[in-house]
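Written below as structure tokens is the structure these notes are about.
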């Protein structure tokens, strides 16, 4: 499935690929197992996983076997506030 262009943040130090949970349905992603994910900060976040997602930029495409779906709404609000 090809989606409309989406904004993204590239985190080269991340151990997992993440998509905002609100995008899962519009992108037609099927959810799999659920769990908790721990990042660099304190605490953990709820996560749902989806499988076999392809990411593409002009001239580059990669397929990722396991992608985390996480609620990123608070991050989006923070980015909008900073301009």
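Throughout, read-outs are computed from the coordinates displayed, never taken from laboratory work. In this text the structure is predicted, and so the values were computed from the model without any measurement. Cβ: placed from backbone, ideal geometry, glycine included. Neighbour counts: every protein chain shown.
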Point to revise | Burial ranking of peptide ranges 26-39, 51-64 (average Cβ count within 10 Å, highest at the top) | key: 26-39, 51-64
Check your understanding: What share of the DSSP beta bridges in region 17-82 is antiparallel, in percent to the nearest 5?
Key -> 75 percent
Exercise for review: Before rounding to the nearest 500, sum -39500 (n - 2.57) across all DSSP H runs of length at least 4 in the chain and divide by the residue total; then give [θ] at 222 nm in deg cm²/dmol.
Suggested key: -3500 deg cm²/dmol
Practice item. Can you run the Rg to Rh ratio on region 17-82? Use alpha carbon positions and the Kirkwood inverse-distance Rh. Key: 1.00
Check your understanding: Applying 1/(1 + (r/R0)^6) with R0 = 25 Å to the Cβ-Cβ distance of residue 17 and residue 74, what FRET efficiency is obtained, to the nearest 0.05?
Key -> 0.85
